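Working notes for the structure below.
Computed from the coordinates by the stated procedures, all read-outs in this text should not be read as laboratory data. Being a predicted model, the structure only gives us computed values, none of them experimental. Glycine also receives a Cβ, built like all others from the backbone with ideal geometry; neighbour counts cover every protein chain displayed.
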């Protein structure tokens with residue numbers, strides 16, 4: 001039995017997958033130029049895909065960051081005055 005050959009594909013979110021080299025990549029995915037055995041392709045993906053978050057999550061502002069819009073800027077008021 002011959003070992004299958006795969007190609008590494010990537011989508012617009014910079015997520016990687018292995019695809020049979022004899023098949024056309026699915027819509028939204030494009031070959032990155034690396035093909036080989038399954039283990040060689042997995043090793044390539046491991047070297048390239050170091051941050052598993054989708055690109056949109058990596059490039060969007062951190063939802064936990066504070067822009068200061070709800071921070072009091074004047075003197076403290078309230079209990080004890």
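Calculated from the alpha-carbon coordinates, the range 6-51 shows an Rg and a Dmax of 9.7, 28 Å respectively. Which whole-number percentage describes the relative contact order of the range 6-51, with Cα contacts under 8 Å and a sequence gap of 6 or more? Value for the range 6-51: 42 percent. Summarising the label geometry, the points placed 7 Å from Cα in the beta-carbon direction at residue 5 and residue 57 lie 3.4 nm from one another.
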